[in-house]
Each structure stands twice: as C-alpha cells, then as structure tokens.
Amino acid sequence: MPELNLDGLVGPSHNYAGLSLGNIAATSNAGGTSAPRKAALQGLAKMRRLVDLGLPQGLLLPHRRPNTRFLRGMGFEGDDARVLADCAREDPQLLAAAFSASAMWTANAATVSPAADTADGRTHLTVANLVTMPHRSQEWPETLAQLKLAFADARHFAVHWPVAPGFGDEGAANHMRFCSGHANPGVEVFVYGLNRGGRFPARQHVRASQAVARTHGVRQPLFVEQADRAIQAGAFHNDVVAVANEHVLFAHEEAFENRAGTLQLLADRVPGFCLVEAPSADVPLADAIASYVFNAALVSIGQGEMALILPKEAEETPSVWRWLQRVQQDPANPISQLHVLDLRESMRNGGGPACLRLRVALSDEGLAAVDPRFLVDATKLDRLERLVERAWPEAIAPSDLANAQLWRQCHAAHDALLAELDIAPDELGA
Ligand code: SUG
C-alpha cells in the first residue's frame with residue numbers, strides 16, 4: 001500500500017511577515033527579504049527526492065495571493081488594483097495576511113484517515129479551519145476546492161468541510177497514525193493543546209480533534225495532550241516535536257504533557273511499538289525546535305526500512321546531529337537513511353519537511369482514483385521548475401507588498417501554474 005505525499009508548492013508571494021505568534025522562526029525572521037523562486041525550487045527538489053526514493057508524490061497548489069476576495073470580505077471595494085491599493089494604505093498588516101503563501105504547509109491542509117481505519121472503508125479528509133491565525137483562516141475554502149477535485153471519487157474518498165470555527169483545527173500536523181504497514185488498520189492519535197496561561201496559544205482544540213475522529217468514523221482513536229512546555233518553547237504544532245510512521249514514534253522526550261501515560265497507551269495499543277526518543281539531556285528542547293529534527297518526514301522505503309528527510313538545520317545543530325548518528329546506527333529501530341535537504345526559505349517561516357507535506361496512505365485502487373493533475377513525476381517536476389524560474393519573483397522585501405507590479409506578477413504566476421497543470425480557475429471556485 002503506497003503512501004502518497006502531497007507537498008505544497010511554495011507560492012510566488014512567499015514572504016516574511018511574522019504573522020504567527022508562537023512560531024519563533026517566523027516571528028524572528030519578520031521583516032526579512034524572502035526568495036520565492038528559490039523557495040519553490042527547494043520545495044520541488046524535496047518532491048524530486050521522494051520520487052527518486054520510489055514513492056508516490058503529488059502536490060497541492062499555492063492559493064491565489066494576494067487574496068482580494070479575503071480583502072473584499074473585510075470591506076474593501078472596487079477592482080483588484082483598488083482593493084489592494086486601499087488596503088496597502090489603510091492596513092498594511094491585513095495586506096500582509098492577504099499576501100501570505102502559508103498554504104504551502106499542507107500538513108495543515110486537512111486531517112486524513114486512511115480507508116483501513118474508518119467505519120465505511122473510505123479515506124476521509126477533513127479540511128482544517130486554521131482559525132487561530134487570521135492569515136491562515138483564509139485557506140480552507142480553496143483547500144476544500146482542491147481536495148474535492150483531487151479526491152473526487154466518492155467510492156474511495158469523502159472530503160469534509162472544516163470543523164465549526166469555535167474550535168481551532170490545524171489538520172495533520174497534530175495527528176499521528178500507527179499501524180503495522182500502511183494497508184492495515186491503524187491507531188490514530190489526535191494531539192491537542194490546552195491553553196494553560198502561557199504567552200503562546202494552543203492551536204489545536206480537543207473538541208476539533210474529537211469532531212474529526214467522529215466524522216471520519218475512526219475505529220481506534222486516541223486523544224493525547226501536547227506538552228504546554230513544548231508549545232511555550234515554540235512547538236506550535238505537535239509535528240515540531242514528534243512524527244510517526246507505521247509502528248515507529250520519533251519524538252522528543254518533552255513532546256507530551258503526560259509522557260509516561262502516553263507511551264504506555266501506545267505500547268498497549270500499537271503492535272510492535274518502537275520508540276525513538278531524544279532525551280532532553282542529549283538534545284535540549286530548544287535545539288530540537290530550532291533544528292526541526294522532529295519535523296522530518298519519516299517514510300517507509302521497503303524491506304522494513306525507513307528514511308528521515310531532514311532539514312539542513314538538523315545537520316548543523318551539533319547535539320541533534322550526534323544523536324541522529326546514534327539513531328541511524330542502532331539496529332533496534334528501522335531508520336537506516338538520513339536525507340538532508342536545504343529548505344531554508346520555508347524553514348525561516350517555521351515550516352520544515354513534514355510541514356510541507358500531507359500524507360495520504362492509499363490502496364493501489366485509491367491511488368489510481370486520485371486526479372492525476374495533482375500527481376507529479378520527474379518530467380512534470382522539470383516543467384514546474386522551468387515555470388517557477390520564469391514566473392516566480394526572485395525576492396520580496398516587506399515594502400514590496402505595496403507594489404502593484406508585484407501583485408500583478410503574483411497573479412500572473414498563479415494563472416500560469418493553473419494553465420500548466422490544466423486546471424481551470426472555476427474548478428477551484430474562482
Ligand atoms: O502556521 N508559518 C506557519 C508554519 C506552519 C508549519 N506547519 C507545521 N508545523 N505543520 C504557521 O505558523 C508564517 C507566515 C508569516 O509569518 O508570514 C506561518 O504562517
């Protein structure tokens with residue numbers, strides 16, 4: 001049973017506006033100059049690495065930014081140019097939100113329950129409402145449209161609307177699935193946060209997690225609290241401190257509020273449960289978060305082996321890299337390959353390898369039912385690279401957001417991408 005990774009193609013408006021409170025990388029890089037073209041090429045290189053490993057690979061599209069529909073909802077009127085000019089003058093912070101390319105982090109697009117786990121035997125996807133951060137709350141309508149296109153075949157898939165906006169849901173970034181092989185029924189772990197008075201918000205509400213599990217008909221759900229200490233140290237999603245694949249949990253010692261209880265629950269429920277845990281004494285929590293080592297994509301590569309797709313920052317953090325060498329050499333776990341990639345542009349906004357992808361474990365028939373326009377191979381990646389080189393801006397400084405030429409360039413790049421992928425704007429609700 002293959003696992004499809006749907007990576008978010010980095011959009012032409014990628015910039016550093018510091019919009020996410022509690023995301024230390026993003027807030028500390030606020031005001032910097034971004035490199036959208038380079039960012040998209042780095043993301044495409046990551047997709048290529050997965051294709052080279054022989055894994056099914058797909059993409060989700062960047063959303064149309066700057067988002068004039070969002071600004072019209074905020075009371076700006078007239079044609080696009082006027083909406084943007086008025087907003088640039090009256091509320092630059094709101095314009096930055098309308099510009100955000102944050103849909104690139106597709107681990108926040110939706111929560112996915114594979115067919116083997118659900119009551120009706122279909123793969124269920126619930127689009128995340130992302131209500132905690134205003135700039136991310138504009139994503140769900142287009143995400144819903146894309147997922148409805150990609151997973152249109154109702155014999156295999158059910159794509160659900162977001163959970164009610166009273167309860168923040170950030171999708172697969174707070175969801176881990178354990179199984180003995182992707183085809184077999186899994187235990188789905190929904191990780192939520194509680195606001196315990198700290199300065200950084202918990203972004204995943206337990207009721208949202210429960211609603212998703214209920215809607216999907218998940219037969220073996222578990223609900224686990226993320227450590228508030230981790231949230232307050234900058235782990236705004238569980239996938240900054242933990243990732244699972246098959247029977248393996250790869251996590252930091254301080255990931256969960258009740259570590260002992262959580263590990264016991266997993267040991268009891270997951271056949272052959274294998275814990276690969278970084279002790280705080282070897283890898284301080286701050287190093288784990290700064291390096292995004294647990295935001296690695298952990299993938300099965302055949303013959304019972306697994307590979308970690310890591311950001312360069314993990315290699316550059318001595319405590320982390322030393323510990324990873326030990327992990328790789330330890331025969332007690334299946335992690336045998338470390339792939340280090342330069343994802344610096346996304347990382348500077350707090351998005352690592354795991355943030356950039358939405359995993360969908362599928363049967364062969366399920367994979368065949370996915371709209372092929374959302375799948376990529378080496379040839380399509382070549383084409384996309386050429387398009388990005390031609391159409392994506394080279395750099396965006398904060399003051400550029402008020403520049404009408406940049407608005408036009410971002411919209412033109414988006415039009416060109418839709419044409420390249422043969423997707424009509426009205427298929428995405430435009
Ligand atoms: O929601 N950054 C994203 C990063 C999301 C990472 N995703 C996962 N961990 N799965 C966020 O905080 C920053 C954009 C800005 O500030 O301009 C941003 O939205």
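The values are calculated or read from the model by the stated rules, or taken from the named source; none is laboratory data. This one's a predicted model, so the numbers in the text were calculated from it and none came from an experiment. Note: ideal-geometry Cβ built from the backbone for every residue, glycine included; neighbour counts use all protein chains shown. Surface areas here come from the heavy atoms of the whole protein model, side chains and all, with no ligands, DNA or RNA. Shrake-Rupley method; radii C 1.70, N 1.55, O 1.52, S 1.80 Å.
Would it be correct to say that Asn108 is within 12 Å of the ligand (Cβ to nearest atom), of a type in the set (S, T, N, Q) and surrounded by 19 or more Cβ atoms within 10 Å (Cβ to Cβ)?
Taking the combined requirement at face value, the residue satisfies it.
Here is a check on your reading of the model: is Ala98 crowded, with 23+ Cβ neighbours inside 10 Å, touching an Asp or Glu at 6+ places or on another chain (Cβ under 7 Å) and at negative phi?
When the stated conditions are applied, Ala98 does not pass them.
Condition test on Ser280, is it touching a residue at least 12 places away in the same chain (Cβ under 8 Å), more than 28 Å from Asn29 (Cα to Cα) and not in a helix (DSSP H, G or I)?
Against the criterion (touching a residue at least 12 places away in the same chain (Cβ under 8 Å), more than 28 Å from Asn29 (Cα to Cα) and not in a helix (DSSP H, G or I)), Ser280 does not qualify.
Read through the list (1) open to solvent by less than 20 Å² (accessible area, probe 1.4 Å); (2) within 26 Å of Met306 (Cβ to Cβ); (3) in contact (Cβ under 8 Å) with a residue 60 or more places away in the chain; (4) in a strand (DSSP E or B), then give the number of the only condition that Arg177 fails.
Result: Arg177 fails condition (1) only.
Being within 12 Å of the ligand (Cβ to nearest atom), surrounded by fewer than 24 Cβ atoms within 10 Å (Cβ to Cβ) and among the small types (Gly, Ala, Ser) is the requirement here; does Ser34 meet it?
In short, no.
Counting only residues that are within 16 Å of the ligand (Cβ to nearest atom), give me the strands (runs of 3 or more DSSP E) lying completely in region 183-267 with at least 1 of them.
Per the criteria, 187-192, 242-245, 248-252.
So, in region 338-372, exactly how many residues are more than 16 Å from the ligand (Cβ to nearest atom) and either open to solvent by 50 Å² or more (accessible area, probe 1.4 Å) or over 21 Å from Trp105 (Cβ atoms) (or both)?
Total meeting the criteria: 12.
Residues being touching a residue at least 40 places away in the same chain (Cβ under 8 Å) and open to solvent by less than 20 Å² (accessible area, probe 1.4 Å): count how many of those fall in region 374-390.
So the answer is 5.
Consider region 285-326. How many of its residues are among the hydroxyl-bearing types (Ser, Thr, Tyr), in a helix (DSSP H, G or I) and within 17 Å of the chain's Cα centre (by Cα)?
Of the residues in region 285-326, 1 are among the hydroxyl-bearing types (Ser, Thr, Tyr), in a helix (DSSP H, G or I) and within 17 Å of the chain's Cα centre (by Cα).
From the list Leu19, Leu55, Leu44, exactly one residue is at pLDDT 95 or above and in contact with a Leu (Cβ under 7 Å, 6 or more places away or on another chain). Which is it?
Leu44
Which of the numbered conditions does Leu95 fail, given that it passes all the others? Conditions: (1) within 14 Å of the ligand (Cβ to nearest atom); (2) part of a loop (DSSP other than H, G, I, E, B).
(2)
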